[in-house]
Amino acid sequence: MNPTVEIRLSTADRLDEALSLPADAIGLGQEGCLAKLPDTDLLRTAADRVREAGRTVVLVAPIAWPRTAELLLRRLLAVADDGPTSIAVNDVGTALALATAQPADCTLVAGLGLTRARPHSAHPDGPAAPPAALDTELLTTLQPHGITAVEVDTDTHLSGSDLWQIRQLVDTIPLSYGRSCPTARHHRTGPPDCQALCDTPYTIRPHQRWQLNHGHREPLPAGTPQPTLTVWGNAVYQPATTTASADYRIVDARWHTPDSLATTVRHLHGHVPVPTGR
């Protein structure tokens with residue numbers, strides 16, 4: 001049986017392209033920034049088009065700071081009031097606010113910004129950090145408030161995940177989201193002028209590490225690999241190295257050309273052979 005496939009769009013610009021492909025769901029928004037979420041009217045129009053095409057609407061509610069929490073909630077509820085909606089929440093406050101509002105026919109999902117917990121070994125000569133674990137303690141706390149599914153990346157260990165539907169990002173591994181946006185700071189600007197800059201990622205290579213037991217930065221030890229990381233908007237990503245295994249898979253369109261996106265989605269649905277070299 002082929003997995004459920006969601007195409008994740010940070011804006012509505014590629015909606016026509018996404019709707020032309022055999023995806024089961026279309027996601028709109030990204031975890032880290034309200035400025036990238038389409039405004040209410042555009043979001044409602046895009047969501048209606050997704051529903052009319054027989055697909056599931058997924059709103060990605062970005063991490064909400066106090067100054068944006070009420071605006072975000074109004075925007076989410078406006079879309080949810082129009083019809084069936086799945087909302088991926090990325091902070092506890094938004095999850096609790098939506099649970100209190102109780103929008104009809106709405107599925108709540110713990111998003112990528114909320115689910116990861118990475119164990120830390122501070123010993124300088126210790127092994128490499130283990131894979132991120134699913135934050136089951138937090139998710140269990142949120143479960144009575146309507147969280148029925150969780151988003152993870154392929155680096156997350158899924159022990160104890162049988163209580164929720166797992167939705168797995170196939171393209172990349174988000175390492176962190178910055179409250180102070182690295183892209184905006186890199187270009188010395190801010191909302192709304194930074195919106196277009198989010199669509200132009202840049203790469204960095206770490207030369208230092210933070211030692212939690214000492215509370216300071218230090219150079220990476222000799223011979224330590226320096227991975228190439230991608231800064232996209234206010235998030236930092238590394239490439240995915242493990243094949244997705246969940247029955248629900250998220251394809252982030254930002255990482256694909258139109259041809260690559262079409263090939264990936266059709267492959268996941270079993271319509272084409274596995275692409276070589278992936």
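Residues that are charged (D, E, K, R) and touching a residue at least 24 places away in the same chain (Cβ under 8 Å) were ranked within the range 225-266; the one that is nearest to Thr189 (Cα to Cα) is Arg254. Glu218 falls short on exactly one of the conditions (1) in a strand (DSSP E or B); (2) modelled with pLDDT of 85 or more, and that condition is (2). Filtered by the rule that a residue be in contact with a helix residue (DSSP H, G or I) (Cβ under 6 Å, 6 or more places away or on another chain) and either more than 18 Å from Val79 (Cβ to Cβ) or surrounded by fewer than 24 Cβ atoms within 10 Å (Cβ to Cβ) (or both), the range 35-50 gives Lys36, Thr40, Leu43, Arg44, Ala46. Within the range 148-202, if we keep just the residues that are small (Gly, Ala, Ser) and over 16 Å from the mean Cα position of the chain (by Cα), the residue that is surrounded by the most Cβ atoms within 10 Å (Cβ to Cβ) turns out to be Ala184. Of the listed requirements (1) modelled with pLDDT of 85 or more; (2) within 21 Å of Gly29 (Cα to Cα), His186 misses just one: (2). Of everything in the range 247-270 that is assigned to a helix (DSSP H, G or I) and closer than 15 Å to Trp232 by Cβ, the residue that is modelled with the highest pLDDT is Ala253. Please go through the range 22-51 and give me each residue that is part of a loop (DSSP other than H, G, I, E, B), more than 13 Å from the chain's Cα centre (by Cα) and acidic (Asp, Glu), ordered by number. Those that are part of a loop (DSSP other than H, G, I, E, B), more than 13 Å from the chain's Cα centre (by Cα) and acidic (Asp, Glu): Asp24, Asp39. The single condition among (1) in a loop (DSSP other than H, G, I, E, B); (2) crowded, with 17+ Cβ neighbours inside 10 Å; (3) of a type outside the set (Val, Ile, Thr); (4) modelled with pLDDT of 90 or more that Gly54 does not satisfy is (2). Any residue at all in the range 60-81 that is in a helix (DSSP H, G or I), of a type in the set (Val, Ile, Thr) and free of Cβ contacts under 8 Å to residues at least 24 places away in the same chain? Looking through the range 60-81, none of the residues is in a helix (DSSP H, G or I), of a type in the set (Val, Ile, Thr) and free of Cβ contacts under 8 Å to residues at least 24 places away in the same chain. Only residues that are among the small types (Gly, Ala, Ser) and buried (at least 22 other Cβ atoms within 10 Å of the Cβ) were counted in the range 57-87, giving 2.
The values are calculated or read from the model by the stated rules, or taken from the named source; none is laboratory data. Given the structure is predicted, the values throughout are model-derived calculations rather than measurements. Glycine gets a Cβ as well: all are built from the backbone with ideal geometry, and neighbour counts include every protein chain shown.
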